[in-house]
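The values are calculated or read from the model by the stated rules, or taken from the named source; none is laboratory data. From a predicted model like this one, the values you see are computed outputs, not experimental measurements. Backbone-built Cβ (ideal geometry, glycine too); neighbour counts: all protein chains shown. We work out accessible area using only protein heavy atoms, side chains counted, and drop any ligands, DNA or RNA first. Shrake-Rupley method; radii C 1.70, N 1.55, O 1.52, S 1.80 Å.
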Amino acid sequence: MPRKRKLLAQLSTLQRNNSFPPFDALENLNATPDGDSSSKSSKYFAIEKKNSSQLEADFFNQPCVSLAKSFLGQILVRKLPDGRELWGRIVETEAYLGGEDEASHSKGGKQTQRNAAMFMKPGTLYVYQIYGIYFCVNVSSQGEGAAVLLRSLEPLQGLDAMRELRSASRKGPTKLLKDWQLCNGPSKLCQAFGIDKAFDQRDLTQDAAIWMVPGHDLPGEQDMVATTRIGIGNRGEWAQKPLRFYLRGNKFVSVVDKKTEGEMEAMGHFSCS
């Protein structure tokens, strides 16, 4: 027990000081003194490894716009069937506010079999298909029928697996995707993380294959750009509302709004870098 307490203390220190999760320190919890981890691996510590810093229900239980901003900098984790884990930092989101929002799938408060997840408890995944081929993933928030679309991720771990998954979903010969191309869009994100309709209505706080953990050095309001959403068509005033949020200067964002950034900079909204 003293050895495990010492390792846990070292892990805590590493998590405060490093940009990425200390996987080696976690693995050491299951190792015996002579280095053999196979015979005395503890199921308790295997579960603890997955959930040690997982974002819980309270995090998701906030208003839609607030959640969309709070997601920036947090980390999405996907565990593949073969045990590999994919990690990506959320760098772009869109808020869909429910009944009053003309661009939302739940506009008018209409609940259907397709959008049922939008009316479930905060932290529930809403996965839908576009063009009969691609998928997009959202997370429900406070508010009847409100949810946040995850638009782009910055890949952190498992990039080779992401490339495999992206390649498998594309037709014909494909070029090797660069890091910034893996998850810079909602359908690309789903391809790279192997997210399809089977993930609809799953709970991010309970699922064994997908969850979120806290990011490090989370951005402040001065690091975010608030601009119009993408691809929502003619939705009147709702097409102009600043309900898309992304991290300024991050090359993994799908679409940069230079005009809005210029206006925000002129007004002194950005921190000095």
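Got a sec? Charge dipole of region 57-268, +1 on Cβ for Lys and Arg, -1 for Asp and Glu; which of W87, Q201, A168 is way out at the positive end? Looking along the dipole axis, the top candidate is A168. Distance between the modelled labels on S66 and A116, one decimal in nanometres: 2.9 nm (7 Å Cα→Cβ projection).
Oblate is the label for region 192-270. Its Cα gyration tensor axes, ordered a ≥ b ≥ c, give a/c of at least 1.5 and b/c at or above a/b.
Net charge near N184: determine it from the other residues with C-beta under 13 Å of the C-beta of N184, scoring Lys and Arg +1 and Asp and Glu -1.
+3
As an exercise, use a Förster radius of 22 Å and the Cβ-Cβ distance of E56 and Q157 to find the FRET efficiency, rounded to the nearest 0.05. About 0.50, to the nearest 0.05. When the Cα gyration tensor is reduced to axis lengths a ≥ b ≥ c, the ratio a/c is 1.5 or higher for region 72-153, and with a/b above b/c it is classed as prolate. Heavy-atom accessible area for W238, with the other protein chains in place and a 1.4 Å probe, reaches approximately 20 Å². Packing-based ranking of 135-141, 92-98 yields 92-98, 135-141, ordered from highest to lowest mean Cβ neighbour count within 10 Å. The overall shape of region 57-268 is rounded: from the C-alpha gyration tensor, with semi-axes ordered a ≥ b ≥ c, the ratio a/c is less than 1.5.
With R₀ set to 22 Å, the beta-carbon distance separating K251 from I130 gives a calculated FRET efficiency near 0.35.
For region 177-190, backbone phi angles converted through the Karplus equation (6.51, -1.76, 1.60; θ = phi - 60°) give residue-by-residue couplings of 6, 6, 3, 6, 8, 5, 9, 8, x, x, 6, 4, 4, 5 Hz, Gly and Pro being listed as x.
Ignoring ligands, DNA and RNA, how do S106, S187 rank by accessible area with a 1.4 Å probe, largest first?
S187, S106
Using the Cβ-Cβ distance between K178 and A239 with R0 set to 41 Å, the FRET efficiency works out to roughly 0.85.
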